[in-house]
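This report refers to the structure that appears directly beneath it.
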Amino acid sequence: MPTMRFDTSTEGRDDDPWTKLATIAEHLDAGTAVPSHLAQWLGLAVQYASGDPNELLLRLGLKTGRGNPGHWTAEHAYRLGQAVCHREDTGDAPDAAISAVLGEYEAQNEGEAPSRSTLQRWRDEYRAAHAEANRQ
């Protein structure tokens, strides 16, 4: 079974949210293409916010929720939710898929990973978003 890689090498990926938004604005002003990692960051935040402005601010990292340090982004939700779904779709049981993705992510990120319940929610959000996209 292939190991999912989590790309952290794209220049500017670790910029703060305001810098990312300013970069997007510069590209739009200049009439040039927005870098794909920024388009994905903004697009995923909009998608997962589902029309809720507070959720959009949370997903962009511009606002933190109560008790939430705001560390996990829409990109994390998409990539890790996708990784769990991929494992489930290729035969892993749900618990085994979550454990495997958490283990892979922790190994690549110095032991840091979201909670199991967060990863389960992201898997469910990913499945729901793709089911909706396939209906249209």
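The values are calculated or read from the model by the stated rules, or taken from the named source; none is laboratory data. Just so it is clear, the model here is predicted, and its values are computed rather than measured. As a convention, Cβ positions derive from the backbone with ideal geometry for all residues, glycine included, and neighbour counts pool all protein chains shown.
Structure above, values below:
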{"item": "Hits in the stretch 13-29 (condition: among the charged types (D, E, K, R) and either modelled with pLDDT under 90 or surrounded by 11 or more Cβ atoms within 10 Å (Cβ to Cβ) (or both))", "result": "Arg13, Asp14, Asp15, Asp16, Lys20, Glu26"}
{"item": "Condition broken by His71, with the remaining ones in (1) at pLDDT below 80; (2) of a type outside the set (A, V, I, L, M); (3) farther than 14 Å from Thr118 by Cα satisfied", "result": "(3)"}
{"item": "Gly103 surrounded by fewer than 17 Cβ atoms within 10 Å (Cβ to Cβ), part of a loop (DSSP other than H, G, I, E, B) and not assigned by TED's automatic domain parsing to the domain that holds Tyr48", "result": "no"}
{"item": "Within the stretch 105-121, considering residues that are modelled with pLDDT of 85 or more and in contact with a Phe, Trp or Tyr (Cβ under 8 Å, 6 or more places away or on another chain), the one farthest from Cys85 (Cα to Cα)", "result": "Gln108"}
{"item": "Criterion (surrounded by fewer than 19 Cβ atoms within 10 Å (Cβ to Cβ), within 16 Å of Ala45 (Cα to Cα) and not small (Gly, Ala, Ser)) met by exactly one of His130, His86", "result": "His130"}
